[in-house]
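For reference, the structure discussed in these notes is given below.
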Amino acid sequence: MTAKETVRALLDRLADDCTLEEVLYHLYVAQAAGDGVDDAAAGRVIPHEEVAADLRRKWVLGSAQ
């Protein structure tokens, strides 16, 4: 889907009385989600276990460094 098609599809899904701020927010979310899909496809991810261990070490055990 091209960027223009994505914007049109988004506008079709939003309420007719939506604000420009809402449109911009939804465009941002669509782009961020697309970036995440691209990152995952390219292998630019961190395993869940690694993230969980890092968060546990920093926040649960109180050893943020």
Of the numbered conditions (1) of a type in the set (A, V, I, L, M, F, W, C); (2) at pLDDT 95 or above; (3) part of a helix (DSSP H, G or I), C18 fails exactly one; give the number of that condition. (3)
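Looking for whichever is among the small types (G, A, S) and at pLDDT 95 or above here; the options are A32, A64. Which one fits?
Of the residues listed, the single one that is among the small types (G, A, S) and at pLDDT 95 or above is A32.
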Report yes if some residue within the stretch 46-57 is in contact with a helix residue (DSSP H, G or I) (Cβ under 8 Å, 6 or more places away or on another chain) and either free of Cβ contacts under 8 Å to residues at least 60 places away in the same chain or open to solvent by 100 Å² or more (accessible area, probe 1.4 Å) (or both); otherwise report no. no
Contact list, first residue from the stretch 4-28 and surrounded by 13 or more Cβ atoms within 10 Å (Cβ to Cβ), second anywhere and outside any helix (DSSP H, G or I), beta-carbon distance below 7 Å, six or more apart or interchain, is V23/L14; H26/L14
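The values are calculated or read from the model by the stated rules, or taken from the named source; none is laboratory data. The model shown is predicted, which means the values in this text are computed figures rather than measured ones. Note that we place each Cβ from the backbone using ideal geometry, even for glycine, and neighbour counts take in every protein chain shown. Ligands, DNA and RNA are excluded from the accessible area calculation, which covers all protein heavy atoms including side chains. Shrake-Rupley method; radii C 1.70, N 1.55, O 1.52, S 1.80 Å.
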